[in-house]
């Protein structure tokens, strides 16, 4: 075995083999069938590892191959597992047109901007979309700007949820705690907003500084990373020192957010009595998330570990000079940097 395997190119999404869906223990999961139509994302958020793994440009799978996998996967309920299914205006429309009339019920992850598009939402509803998972991340505009999530505007969030509901589609809101702008009030304020805006379901994760992201380099430069045990980098355990609260407060706040949002009184108040949303699926998600939040027990802060001898070279260097300097200062000696597969060692 070699220590490092790398490719000079990213894999084209043509002729991909059929996954072994028969190997899944389907009784353990809510979603059992995941189909990718594209890879990559051009948002470039500072905390996200997607561009590191799959690039800033989209690679598309042939539409006919997407439809073929969905027709032969053994289920009519499918999760489209793209980083951003609505990433470009034309491509998702091609896929959704091909899905119309085939009897699928599907869900996908998207960003908030193109989810505002009425034509996109109508096509989604007509082709069987039951839920959109949207990375809202934070209800603070300043926080979103600080992590380059410019596509999100909190003042539009409530109206967006209402608009998606009008097409009979549920909204699964994805939020993150632990940004430098977050203090202890962020948990209660976020959950209150989610309840008042009638989000169908929400997931609350802990900010995780994945190696190679700009967030990781900034925290390493400031000596804020506590653990370099990659097993702890799971968006639930705190591996760094938060700016305005302790690690314990961050983990407890996340747990309390789940408990509050999925309390029986909250579930009852948010239940979609009117409209065309799929009530059975709505209940399954809420009860599954309620059960998970009640049974998950993870230590609040990962145990400290020494820093590794090498640091990753990011395949996409930051554009601004101060970011580039932050990376260079964080890693120290460039000769100790290890490249990601498929990318050059040089950081010039």
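No lab work stands behind these numbers, since they all come straight from the coordinates. On a predicted model such as this, the values are computed, not experimentally measured, just so you know. Using ideal geometry, Cβ is built from the backbone for each residue, glycine included, and neighbour counts are taken over all protein chains shown.
Taking R0 as 30 Å, what's the FRET efficiency between residue 310 and residue 224 from their Cβ-Cβ distance, rounded to 0.05? Present the calculation step by step, with values, prior to reporting the outcome.
Working: r = 19 Å, r/R0 = 0.65.
Calculated value: 0.95.
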Exercise for review: Give me the percent of DSSP beta bridges within the chain that run antiparallel, rounded to the nearest 5.
Suggested key: 10 percent
**Study point:** Highest-fluctuation residue, 168, 87, 74 considered, GNM on the chain with Cα pairs under 10 Å
**Key:** 74
Practice item. Would you kindly state how much longer the chain becomes between residue 271 and residue 9 on full extension, computed as 0.36 nm times their sequence separation minus their alpha carbon distance, in nm to one decimal? Key: 89.6 nm
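Of the listed peptides 108-119, 221-232, what is their order by residue-averaged count of other C-beta atoms within 10 Å, with the highest listed first?
Working: 108-119: 17.7, 221-232: 15.1.
Sorting 108-119, 221-232 by mean packing, highest first, produces 108-119, 221-232.
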Review point. Top mean-square fluctuation among 211, 92, 17, Gaussian network model of the chain, C-alpha springs under 10 Å?
Key: 17
Check your understanding: Assuming R0 = 22 Å, what is the FRET efficiency of residue 94 and residue 166, from their Cβ-Cβ distance, to the nearest 0.05?
Key -> 0.35
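May I ask you to sort 199, 233, 29, 5 by Cβ crowding, counting other Cβ atoms within 10 Å and putting the fewest first? Intermediate results must be reported in sequence, preceding the final value.
Working: 199 23, 233 18, 29 11, 5 8.
By the 10 Å Cβ count, ascending: 5, 29, 233, 199.
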Check your understanding: Which of these, 185, 79, 205, has the largest mean-square fluctuation under a Gaussian network model of the chain (Cα springs below 10 Å)?
Key -> 185
Study note, to complete from the structure: Taking max minus min of the Cα coordinates of the stretch 45-119 on each principal axis, largest first, gives extents in Å of 38, 29, 19
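Using 0.36 nm per residue, how much length does the chain from residue 18 to residue 235 gain when fully extended, once their Cα-Cα distance is taken away?
On the way: separation 217, 0.36 × 217 = 78.12 nm, distance 2.93 nm.
Once the chain is fully extended between residue 18 and residue 235, it gains 75.2 nm.
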Study note, to complete from the structure: Length gained if residue 192 through residue 283 is fully extended, taking 0.36 nm per residue and subtracting the Cα-Cα distance, is 30.7 nm
Review point. Using the alpha-carbon centroid of each, what span in Å lies between the stretch 113-169 and the stretch 1-74?
Key: 23 Å
Point to revise | Theoretical FRET efficiency, 1/(1+(r/R0)^6), r = Cβ-Cβ of residue 77 and residue 291, R0 22 Å, to 0.05 | key: 0.65
